[in-house]
């Protein structure tokens, strides 16, 4: 706590932080403030409209409009439904796969790791191209196959859209999280496992009562990131919307923002809505962090 | 905090792990204790993994097979079957010569945007994350919550205000308009702080300080090398993010020679069938396959690092 | 209905008269003052744009046009809007007719009445003019008209002795017979992702989604003729007599597999059909689009025009470029130089140019331009696109996929679109008169 050392730390901190914060201020904070400013205005025109437009101050009315718009609020319900399916399936799947890899019973572990991880390396746009193909009736061999088995599914209907969107996300992220969990499992101390084996615990019991609790922090963190990512859900439903517009153009809050900004040129509303999404994400991730901290304390 | 000690990069590097060796013996013990179910046999576990692999790889086979087809076969034959003729070489030839060889240019651009951009972003993130973890300075947590705010803000929604500001700075339709935003990665700062906490023991720093090394020197010579796996992880995170970014380049660029691959493929894809040049549709498919390849190569080359890096982030 | 059309017509006539007075009769009035040299940037997604720019540069040494290719679809329009907002707009840009009023009403494009207004008045028939002259001003110059046609598999129709329908009643019979002849085949398509064909068919039936009276818009997306069209096509889709699918790869796959043997399209489809499904050469033919009463009637499905965005640096040279690419025979020749485009020029004098460039062996030597020309002449007058077509189209597209399974009716879709459109127009402060 000597004063020269403290000064040195402060100076070095400034040196190390300034490149990041300089750019951060320019490409994140400035646009954020600008968006906040834009959210206070609305564009109006009059008569037939061919006389041009003017920007008028709207106060908080854009926020009120977003919040009172059923389409925007419903978007959050969609997200909730999506999370309810996606998070357990994806995290659970990743965990099971990681445990299988770690069970010592699997062959060709390197191959499986890579093959399961591969979708994560596929750019979103290309993943979109692929899944649109597999979801579109008349194109998809999967649908044809199911039909020959007497099952007819429409992956693109409103009712199935949540599953279809979740499936794309599972495809992209399950292998990724599996690698994280597997790596965490490999760090579990050997003594704990040996002890369990001496006790005669089976593989399943070892997995559930020893391994899973030990990598619990890794799982909690993965859940947190997944939740934050889900609130910003955009790409997957956009893919489904492009293939079939049945789900509507404002299905998730982020799609609502896009529609407001680019379909309707309503930048004020778009800015207000995206700030509301950011606020919601912040509150939720705070809650998740709190919850998982309390859970892991005992 | 006890788990950290077992988690030095070397200990968690793949394949050098204790999990494989004790496996055979306990299996015999268990057989005595309880008859294992079919699913838990070697074949069962492998079969389950193979099933999951089928799920991840099957969609990619469509891309692979489609890339080998002629235009007629693309629309006329089953997606999971080969076409009547193999056109892969022709298709690749078209891909690299179309529009005066612009595809190769897009690939080069992407390497610059994503490769160099992510490299710098990782450097800045690690520096900032380290400062947040190890150095004392006023207003630390308040600054850090600003970083977290940056993580929460939906990127797609910020593209427009960013664009309007870039226009005022004269950066629209320039290389910098896409490159500079890629240098900022708030989530990377968060990760780097976590990495720093788990990889860089305070004692090592204390020792360096005792030896009279300045703070900056301690970071460069001592801490930064220890953060290498974290650095690679952050690099790869941001690399995929920039590689995937679509909306920002779309609004920012109009000169085709500045496009990243993603946007170029989209231009081909979007106007192929609606504007009646179906040959571009096939180009988009083949171009996608070719674009995935280098990404996979990067992940393969760096897998040693990111696997251990990701664990560290997770154990915190 | 008739009264409304008359009123709209009267309105545009007055507008034209006003315009003529304003221009004082001198053809080159305003444009003469603007400079006609220098650099011009040009945004387009239309096929052949690169050749057109190159050909123009060759023949106009004083002007250098730089062509920049852009994606098509909604992304392009947001991009253009943003560019204007940020002051980085190109000098010339392509805009399709439905989007034009929105750009004009947002103040995103220049009023061309002074520079190119006389040219538009001089060279284009009312069917095209009505789409670019809005509120008494000229906002764009038309490139191509896209008059409706019927594409059909001649071999299939001959083999199963099916007549080519000339009325919509006959069309319904045709779809039934096609399905009977081959259970996998259908005689038409209701696109699930593209409202363009539906609006074209409403227009052809005498519908009038938008009109202007004095200083107010009249919005009648769900008027009588449009509902009639909606009920007709909704029923065909529900009975599985026409396919309900996406207009891009799913559609072309169905054509390639012989599952779609007839479809309503426009002049440009001849080229698209030939390029996308090359191995069905000699099997297809083009016919006039069926009508409700057997008398020729048509509308446009697609088509594009060129604008000068607000903030363009070089509008003088831009106007010169637009003039050349829309009304000069050499310019038109450049558009179709690839030999694969069947675009129908909005300027009727240029039809011989495009006709000469389009090989018709795919269609067994049929004169497809004669079919297009007859259809162009029969386009109903008085149609206008609305000032919030983005919203109108989204409202329709959001519901279209649900028509085939019966969860919504197609005329119900039009009512939804009507409400969404009116709400959005009110939000923007546009004046709306009661329908």
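At-a-glance table
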item: Single residue of C:275, C:262, C:287 found to be closer than 21 Å to residue C:156 by Cα, touching a residue at least 40 places away in the same chain (Cβ under 8 Å) and buried (at least 21 other Cβ atoms within 10 Å of the Cβ); result: C:262
item: Helices (runs of 4 or more DSSP H) (entirely within region B:198-304) containing at least 3 residues that are within 21 Å of the chain's Cα centre (by Cα), closer than 24 Å to residue A:117 by Cα and assigned by TED's automatic domain parsing to the domain that holds residue B:99; result: B:228-244, B:261-272, B:279-301
item: Test set (1) surrounded by 19 or more Cβ atoms within 10 Å (Cβ to Cβ); (2) outside any helix (DSSP H, G or I); (3) within 13 Å of chain B (Cβ to nearest Cβ) - residue A:156 fails condition number; result: (3)
item: Test: residue in region C:384-402 that is away from chain A (no Cβ under 13 Å) and part of a helix (DSSP H, G or I); result: no
item: Residue in region B:232-243 that is closer than 26 Å to residue C:88 by Cα and either more than 9 Å from chain C (Cβ to nearest Cβ) or touching a residue at least 60 places away in the same chain (Cβ under 8 Å) (or both) present; result: yes
item: Helices (runs of 4 or more DSSP H) wholly inside region A:172-290 containing at least 1 residues that are in contact (Cβ under 8 Å) with a residue 24 or more places away in the chain; result: A:203-206, A:216-231, A:235-243, A:253-258
item: Among (1) surrounded by fewer than 22 Cβ atoms within 10 Å (Cβ to Cβ); (2) under 27 Å from residue B:261 (Cβ atoms); (3) modelled with pLDDT under 85 - the single one residue A:109 does not satisfy; result: (2)
item: Helices (runs of 4 or more DSSP H) within region C:1-90 that include 3 or more residues modelled with pLDDT of 85 or more; result: C:49-59, C:74-86
item: Output for region B:269-295, where each listed residue is at pLDDT 80 or above and within 11 Å of chain A (Cβ to nearest Cβ); result: B:269, B:281, B:284, B:285, B:287, B:288, B:289, B:290, B:291, B:292, B:293
item: Total residues in region C:192-216, condition part of a strand (DSSP E or B) and either more than 17 Å from residue C:386 (Cβ to Cβ) or at pLDDT 95 or above (or both); result: 1
item: Those residues of region C:50-75 which are touching a strand residue (DSSP E or B) at 6+ places or on another chain (Cβ under 6 Å) and under 22 Å from residue B:253 (Cα atoms), in sequence order; result: C:50, C:53, C:64, C:65, C:66, C:67, C:68, C:70
item: Matching entry among A:102, A:74 (being surrounded by fewer than 22 Cβ atoms within 10 Å (Cβ to Cβ) and on the phi < 0 side of the Ramachandran plot); result: A:74
item: Residue within region B:278-292 that is free of Cβ contacts under 8 Å to residues at least 40 places away in the same chain and farther than 21 Å from residue B:76 by Cβ present; result: no
item: Subset of region A:204-252 [at pLDDT below 80 and over 30 Å from residue B:148 (Cα atoms)]; result: A:242, A:243, A:244
item: Qualifying residue in region A:37-48 (condition: in contact with a strand residue (DSSP E or B) (Cβ under 7 Å, 6 or more places away or on another chain), crowded, with 20+ Cβ neighbours inside 10 Å and farther than 29 Å from residue B:248 by Cα); result: yes
item: Helices (runs of 4 or more DSSP H) contained in region B:72-159 and holding at least 3 residues facing chain A (nearest Cβ under 8 Å) and in contact (Cβ under 8 Å) with a residue 40 or more places away in the chain; result: B:117-134
item: Qualifying residue in region C:224-243 (condition: outside any helix (DSSP H, G or I) and within 14 Å of chain B (Cβ to nearest Cβ)); result: no
item: Those residues of region B:160-185 which are at the interface with another protein chain (Cβ under 7 Å from one of its Cβ atoms) and either farther than 18 Å from residue B:255 by Cβ or touching a residue at least 24 places away in the same chain (Cβ under 8 Å) (or both), in sequence order; result: B:160, B:161, B:162, B:163, B:164, B:165, B:172, B:173, B:181, B:183, B:184
item: Filter result for residue B:256 (more than 11 Å from every other protein chain (Cβ to nearest Cβ) and in contact (Cβ under 8 Å) with a residue 40 or more places away in the chain); result: no
item: Residue within region C:140-153 that is within 17 Å of the chain's Cα centre (by Cα), part of a loop (DSSP other than H, G, I, E, B), farther than 30 Å from residue C:259 by Cα and touching a residue at least 60 places away in the same chain (Cβ under 8 Å) present; result: yes
item: Odd one out for residue A:150, checked against (1) surrounded by 22 or more Cβ atoms within 10 Å (Cβ to Cβ); (2) assigned to a loop (DSSP other than H, G, I, E, B); (3) out of contact with any helix residue (DSSP H, G or I) (no Cβ under 6 Å at 6 or more places or on another chain); result: (1)
item: In region C:287-316, the residues that are out of contact with any helix residue (DSSP H, G or I) (no Cβ under 8 Å at 6 or more places or on another chain) and not in a helix (DSSP H, G or I); result: C:293, C:294, C:295, C:313, C:314
item: Test: residue in region C:250-271 that is within 13 Å of chain B (Cβ to nearest Cβ), outside any loop (DSSP other than H, G, I, E, B), more than 30 Å from residue C:43 (Cβ to Cβ) and in contact with a strand residue (DSSP E or B) (Cβ under 7 Å, 6 or more places away or on another chain); result: yes
item: Test for residue B:190: is it touching a residue at least 12 places away in the same chain (Cβ under 8 Å) and surrounded by 24 or more Cβ atoms within 10 Å (Cβ to Cβ); result: no
item: Only listed residue being under 30 Å from residue A:4 (Cβ atoms) and either buried (at least 21 other Cβ atoms within 10 Å of the Cβ) or in contact with a helix residue (DSSP H, G or I) (Cβ under 6 Å, 6 or more places away or on another chain) (or both), chosen from B:219, B:224, B:239, B:179; result: B:219
item: Failed condition for residue A:116, given (1) in a helix (DSSP H, G or I); (2) within 11 Å of chain B (Cβ to nearest Cβ); (3) farther than 22 Å from residue B:61 by Cβ; result: (3)
item: One residue from C:130, C:74 being surrounded by fewer than 24 Cβ atoms within 10 Å (Cβ to Cβ), within 14 Å of chain B (Cβ to nearest Cβ) and within 20 Å of the chain's Cα centre (by Cα); result: C:74
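The values are calculated or read from the model by the stated rules, or taken from the named source; none is laboratory data. The structure displayed is predicted, hence computed values, not measured ones. Virtual Cβ from ideal backbone geometry, glycine too; neighbours counted across all protein chains shown.
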